[in-house]
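Worksheet for the structure shown next.
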Amino acid sequence: MTNIEDIIQSGYLEAYVLGALDNNELKILSAWLNFPEIQAYISELQNLLEHYANENQLSPSDEVCKTILNISCGCVCEEYSGS
């Protein structure tokens, strides 16, 4: 890998944003992370991923909410109405 365009086209940045690089790949990529073009591309990837997650999010069921509340507060929540 010799230039910024090669790094962008390599798929390493997508894997980096997803946390899917192994230590060796991260070492290779780390030298490139301070370049403004690379930072801009990473930021764009993060924004796209966040947008995708927001557009495709699912609300938990009332049963899941009750379970979480019961675990977090140590009490038994008799009624929960999500929304």
Output for Cβ contacts, cut-off 6 Å, separation at least six or different chains, first residue on the phi < 0 side of the Ramachandran plot in region 46-70, second in a helix (DSSP H, G or I), reads Gln46/Val17
Scanning region 14-42 for residues that are touching a helix residue (DSSP H, G or I) at 6+ places or on another chain (Cβ under 9 Å) and either β-branched (Val, Ile, Thr) or part of a helix (DSSP H, G or I) (or both) gives Glu14, Ala15, Tyr16, Val17, Glu25, Leu26, Ile28, Leu29, Glu37, Ile38, Tyr41, Ile42
Per the filter on region 1-25, residues aliphatic (A, V, I, L, M) and either more than 20 Å from Leu49 (Cα to Cα) or within 16 Å of the chain's Cα centre (by Cα) (or both) are Met1, Ile4, Leu13, Ala15, Val17, Leu18, Ala20, Leu21
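Of these, Leu45, Leu69, Leu49, which one is modelled with pLDDT under 90 and in a helix (DSSP H, G or I)?
Working: Leu45 fails: modelled with pLDDT under 90; Leu49 fails: modelled with pLDDT under 90.
Only one candidate passes the filter, namely Leu69.
The values are calculated or read from the model by the stated rules, or taken from the named source; none is laboratory data. Keep in mind the model is a prediction, meaning the values are calculated, not measured. All Cβ positions, even for glycine, are placed from backbone atoms using ideal geometry, and neighbour counts span all protein chains on display.
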